[in-house]
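To start, the structure under review is shown below, and the notes come after it.
The values are calculated or read from the model by the stated rules, or taken from the named source; none is laboratory data. None of the values given here were measured: they were computed from a predicted structure. Surface accessibility is based on the protein's heavy atoms, side chains included, excluding ligands, DNA and RNA. Shrake-Rupley method; radii C 1.70, N 1.55, O 1.52, S 1.80 Å.
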Amino acid sequence: CEQRAAGEARHPVDDQQHLVAQQRLILERPQDFGVEPGVLARGMLAMFKFNESSSIGNIAVPVLVVPGDRDPVLRPYASEHIGSVIPGATLVALAPAKHMGLMERHAEFDAVIARFIDSHAPIPVRR
């Protein structure tokens, strides 16, 4: 890891390996991080029950769906479905990218977001 000048901003991708390692530790030993194992387990199980299929088609604002083309968590077909059921949604897959595509492909992600904002802004956004 390269040294940075004091106060210099770091991009999230710089810390990706550290974040992944920390997440693993939290899952393995949640109590070491002040997280009760039962609370963590209930939160993880709740994700399996979460289902907004009946309301997702009612979203009435511009939506950008940005999946990774190789995401093992939110599979590409699921992102395609989300993009197809939200009226007027824009789907742009990052490639190659997995679940953390916004960090893996941060420059491409930033450009996708900028184009989306520019296409929906009431007046042009100056950069």
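I'd like to check which helices (runs of 4 or more DSSP H) are fully inside region 1-112 and have at least 3 residues that are open to solvent by 100 Å² or more (accessible area, probe 1.4 Å) and modelled with pLDDT of 85 or more. Steps first, answer last, please.
On the way: elements: 16-28, 37-49, 76-85, 101-104.
The qualifying helices (runs of 4 or more DSSP H) are 76-85.
Counting only residues that are within 19 Å of H99 (Cα to Cα) and over 19 Å from the mean Cα position of the chain (by Cα), how many does region 46-75 have?
Step one: list which residues in region 46-75 are within 19 Å of H99 (Cα to Cα), which gives 47-48, 50, 63-75.
Going one step further and asking which of them are over 19 Å from the mean Cα position of the chain (by Cα), we end up with none.
Of the residues in region 46-75, 0 are within 19 Å of H99 (Cα to Cα) and over 19 Å from the mean Cα position of the chain (by Cα).
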